Amino acid sequence: MVIFQQDSATNTPQQRRLYAIYELFYTLVDAMAAILFLIGSVLFFYDSLQTPAIWLFVCGSACFALKPVLRVVREFHLLALGDIDSLADRYQ
């Protein structure tokens, strides 16, 4: 199985379900990052709220850093599923 190619990642119902779950988490993290950056940007208009704004930017940055990690974890998870299937085929 080749990693980072959706066609090879969605061969079985189990792989399609796993792929969809990871895509859902990826999208939620992306939306959370955008919301944190938007709220942080608004808070920067007020001098008294700059510290919370900075923290929102840090949390938003962490979300952006989490996105590629989710993709890599998903690919290794799918790769492991593919290896288990090929191992079962070799046994038969």
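The values are calculated or read from the model by the stated rules, or taken from the named source; none is laboratory data. Keep in mind it's a predicted model, so treat the numbers as computed, not measured. All Cβ positions, even for glycine, are placed from backbone atoms using ideal geometry, and neighbour counts span all protein chains on display.
Which residue is surrounded by the fewest Cβ atoms within 10 Å (Cβ to Cβ), if the candidates are limited to the range 25-58 and must be more than 24 Å from L70 (Cα to Cα) and of a type in the set (S, T, N, Q)?
S48
In the set S48, S8, S41, which member is in a helix (DSSP H, G or I), at pLDDT below 95 and among the polar types (S, T, N, Q)?
The unique qualifying residue is S8.
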